[in-house]
Amino acid sequence: MKLIIAIVSNDDSAAVTSTLTEHGYFITKLSTTGGFLRAGNTTFLIGTDEENVPEVIELIKSESSRRTEIVPATATFDVGHYSSYPIEVQVGGATIFVLDVEQFVKA
């Protein structure tokens, strides 16, 4: 048995949820926040048999698109002088961890 932890953007969350449930996977969703952009994410917990792991990963990847966004950044030039300028960053996609499950109990 494996535990898949997948972190995706809130923008992709609904599509990932729909795709996984349509394919018969049971999921638990957690609202999380990323550290770099402090943007909202959804973390999925998916327990499945080892042979299903490649399919689950492909389903998540198919609904988690990587894209470029312009976000404001702030630079300090001197005491009391700030300049804000936009920077281009990659957002979206998925971060996926696959862990071994020593024991599974459904009570």
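The values are calculated or read from the model by the stated rules, or taken from the named source; none is laboratory data. If you're wondering where the values come from, they're calculated on a predicted model, not measured in any experiment. Because the Cβ atoms are built from the backbone with ideal geometry, glycine has one as well, and the counts that use them run over all protein chains shown.
Some points to look at:
- Subset of segment 29-67 that is part of a loop (DSSP other than H, G, I, E, B) and touching an Asp or Glu at 6+ places or on another chain (Cβ under 8 Å) - its residue that is modelled with the lowest pLDDT: S65
- Among the candidates I27, I7, I57, residue that is surrounded by 13 or more Cβ atoms within 10 Å (Cβ to Cβ), closer than 15 Å to A94 by Cβ and without any contact (Cβ under 8 Å) to a residue 24 or more places away in the chain: I27
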